[in-house]
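Asks: Attaching a single structure in structure tokens format; questions to follow.
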Amino acid sequence: MKLYKISLALLLGVGIATSCSDKLDVSNPNRQTSETFGNTPEDLEECVIACYNHIRMEGTYARVGYNIDVTRGDEVWNSSQVWYMPFDDMNNAVTDEIGQWSWRDWYYTINVCNFILSRTADVTADSGNEKLQYIKGQALFIRGLAYYNLAGYYQNPALITDYEQYSTLDGLYASNVSEGDADGNAQYDRVLDQVEADFSEAMTLLPNKTIGGEWAKGRATAGAAAGYYARTLMMRHKFNDALAVLKDIMSVADGGNEKYGTYKLMANYGDNFREGSAYENNDESLFEVQFLDYGTQGVDDEWTPVNTSPNATQGHAIESNYGPGDCGGWADLSASPWLYNLFKAERTTTGSLDPRLYWTIGTYEADWDGFEYGNVAYTTQLTAGSYLVTNNGYGGLPIAKNTNLRTGIYDKVVTGLHCGINLRMMRYSDVLLRAAECENEISGPTAQAIEWINIVRRRAGLKDLQLANFNTADKLFEQIANVERPKEFGCEFGRGFDLLRWGFYYSADRMQQLKQHGSFNFWTKADYENGTVTYTPKDPVTYGQCSKCSYDTYVDGHEFLPIYQGTLNDNPNLVGNSANKSASNASYFSGKGWTVRPVVNL
């Protein structure tokens, strides 16, 4: 009897243990792990959407991540004399946490991309699974985009491409140095090698935009990957390789076979800077960051990537930084007097101002009466006798681009992450001007290079350039770098990257030119009216007789941002970059055999 009871107890115990074991094996669908999630295309599609969400955060493109590059260019200066000040002055301190926000948010993005790629490692262009092929292509593109930005900002970021690396502390605390590279300088090339590889493979996996649907409305396509691949090649002066890719992008317009989609310039330049389905994701756009339009957003500003509000605004704050104080903006950034007067120096074939000025800088001009929305700042009418300045304490010409200053939607700036204008990160005009630059680098000034430039100029109504007026490659480069590109892309993300690849920081005459471009005068209405100053915010500024110049405080190596000291403290496997050490990169640039083209008078 005792034996029977013991046996029964054992059986019940085994049953209970088995029952408990079964319960423990049940997966909670609301608490997914990396083991249970990501095994279906539907799961991975959710991850892709998360990747897109991450590129519209504070440190990527929603505010700081976009504007830091704008401020390090010569087309913009810091009119608040507070926010963005260290970036504009080119001497950001290693203890400035704001300079770390882009690092933080791009690595959030990379983590998700790496997870997707760990699940799609065997997917190829001929694997027969189109859905997974497109998922992998988007992850590669966005990871390439992340490292393109990290290298362009931080020079030698840590390179993590294997999701399994996160499984150990040694892997998580990645290094940016390797054997024989104690200072980490070689990391810049290693990272860009990976960027090239990611974009190159994405080009083979992604469809072109003519497939329609979401592929024509914001998803990364083969054309986007090709455009960024060419950009990366040009960062490393691989002009022959870049030109071949750019020609493929332009092949349809030239009557060739469609490979990456059909692109063309919009007839109206302003259509690149308005919100709404009639304008966004248009024929000129290779890639743009998507933001919700006016009236469709929530109310909660999500400034960091850890916020998960279901009522997020899902707009950007570029407008808040650019918006004049009188219009409710934060009045942080202004267009340089050099850029304004560059526009004013050349009129169209009909004698009017370049229409790109209207969309770039918010000034009153007689030419704007009856043009587009007229002489307007939001819904306020500007008059000939008034000066709309960005910041009432320091003056400055308001930046209109990527704001609603000229669109008639708002009566004032709606500050925070509310602007719904998609940020066009690469446009077809960039393909044309880059192709002209590559052609000039390879063969000197040619009729083909001039024609690609003229296609962009004709949209603005300017007369054609003539090859006979450009007898050297130096002269045509000067036209591209300091006339055509500033007027086409003025106050957009990318000028800082251009100055890096051109090596302007490593040449005395180019640095002097940057100082001239970056000069500005402080201005207040009261000082003007009482005669303390006689100049206006529109007047040309001469270096040496100005209130300030951003490049006067440039410190060697600070064309890049320093890696934040807190990040270095947390990760002992990281070393600082040239900005941490205030060390010149001139020897790296020249060691590659690259030369800085001299300043040429046009």
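Asks: Per residue of segment 101-107, what does 6.51 cos²θ - 1.76 cosθ + 1.60 with θ = phi - 60° give for ³J(HN,Hα)? Whole Hz please, x for Gly and Pro, Karplus curve as stated.
Replies: Result, rounded to whole Hz: 4, 5, 4, 4, 6, 5, 6.
Asks: Next question. I need the peptides 559-565, 465-471 ranked by packing, meaning the mean over residues of other C-beta atoms within 10 angstrom, with the highest value on top.
Replies: Ranked from most to least packed, the peptides come out as 559-565, 465-471.
Asks: A follow-up question, please. Need one number: nm distance between label points at Asp181 and Asp474, each 7 Å from Cα along Cα→Cβ, rounded to one decimal.
Replies: Between Asp181 and Asp474, the label points sit 3.4 nm apart.
Asks: Rounded to the nearest 0.05, what FRET efficiency do Ala174 and Ser118 give with R0 = 22 Å and r taken as the Cβ-Cβ distance? Could you check?
Replies: E between Ala174 and Ser118, to the nearest 0.05, is 0.85.
Asks: Starting with the highest mean, order 59-68, 124-133, 475-484 by the number of other Cβ atoms within 10 Å, averaged over the residues of each peptide.
Replies: 59-68, 475-484, 124-133
Asks: Could I ask something else about it? What does the accessible area per residue of segment 396-498 come to in Å², with a 1.4 Å probe and no ligands, DNA or RNA counted?
Replies: 24
Asks: My understanding is that a pair violates if its Cα-Cα distance is over 26 Å; which of Lys131/Lys247; Lys259/Lys487; Lys344/Lys463; Lys463/Lys487 do that in this structure?
Replies: Violating the 26 Å Cα-Cα cut-off are Lys131/Lys247; Lys259/Lys487.
Asks: To continue, here is another question. Heavy-atom accessible area per residue, segment 285-395, 1.4 Å probe: how many Å²?
Replies: Accessible area per residue, segment 285-395: 38 Å².
Asks: If you average the C-alpha positions of segment 103-164 and of segment 405-451 separately, how far apart do those two centres end up, in angstrom?
Replies: 26
Asks: Still on this structure, please answer the following. Given labels modelled 7 Å from the Cα in the Cβ direction, how far is it in nm from Ser590 to Ser443?
Replies: 3.2
Asks: Assign unit charges at the C-beta atoms only (+1 for Lys and Arg, -1 for Asp and Glu), then state the dipole size of the chain relative to its Cα centre in Debye, rounded to the nearest 20.
Replies: 260
Asks: Of the accessible area of segment 66-114, with the probe set at 1.4 angstrom, what percent is carbon plus sulfur?
Replies: 60
Asks: Full extension from Ala278 to Asp556: what is 0.36 nm times the residue separation minus their Cα-Cα distance, to one decimal in nm?
Replies: 95.5 nm
Asks: Still on this structure: Rounded if a/c is under 1.5, else prolate if a/b beats b/c, else oblate: with a ≥ b ≥ c from the C-alpha gyration tensor eigenvalues square-rooted, which is segment 401-528?
Replies: Judged from the Cα gyration tensor, segment 401-528 comes out prolate (a/c at least 1.5, a/b above b/c).
Asks: Within segment 101-135, list the residues whose amide N lies under 17 Å from a label point set 7 Å along Cα→Cβ of Glu164.
Replies: 114-123, by backbone N distance to the label point.
Asks: Report Trp330's accessible area, 1.4 Å probe, all protein chains in place, as a number in Å² to the nearest 10.
Replies: Its accessible surface works out to 90 Å², give or take rounding.
Asks: How do the peptides 379-387, 281-289 rank, highest first, by the average count of neighbouring beta carbon atoms within 10 Å per residue?
Replies: Packing order, densest peptide first, comes out as 281-289, 379-387.
Asks: Multiply the residue gap between Asp300 and Asn569 by 0.36 nm, knock off their C-alpha separation, and tell me the result in nm, one decimal place.
Replies: Between Asp300 and Asn569, full extension yields an extra 93.6 nm.
Asks: If you don't mind, there's one more thing I want to ask. Cα axis of helix 187-205 to longest principal axis of the chain: angle in degrees, 0 to 90, nearest 10?
Replies: 80
Asks: Report the label-to-label distance for Gln32 and Asp241 in nanometres (one decimal), using points 7 Å from each Cα along the Cα→Cβ vector.
Replies: 3.6
Asks: Work out how much length Lys344 to Lys581 would gain on full extension: take 0.36 nm times their residue separation and subtract the Cα-Cα distance, in nm to one decimal.
Replies: Separation in residues times 0.36 nm, less the Cα-Cα distance, equals 81.2 nm.
Asks: A further question follows. Give the dimensionless ratio obtained when the Cα radius of gyration of segment 489-599 is divided by 2.2 N^0.38 Å.
Replies: Against the empirical 2.2 N^0.38 Å value, I get 1.39 for segment 489-599.
Asks: Using only the alpha-carbon atoms, how far is helix 428-443 inclined from the longest principal axis of the chain? Give it as 0 to 90 degrees, nearest 10.
Replies: Long axis of 428-443 versus the principal axis of the chain: about 80 degrees.
The values are calculated or read from the model by the stated rules, or taken from the named source; none is laboratory data. Please read all numbers here as calculations on a predicted model, not as lab measurements. Counting neighbours? That spans all protein chains shown, and the Cβs are built from the backbone with ideal geometry, glycine included. Note: accessible area is taken over every heavy atom of the protein model, side chains too, but ligands, DNA and RNA are not part of it. Shrake-Rupley method; radii C 1.70, N 1.55, O 1.52, S 1.80 Å.
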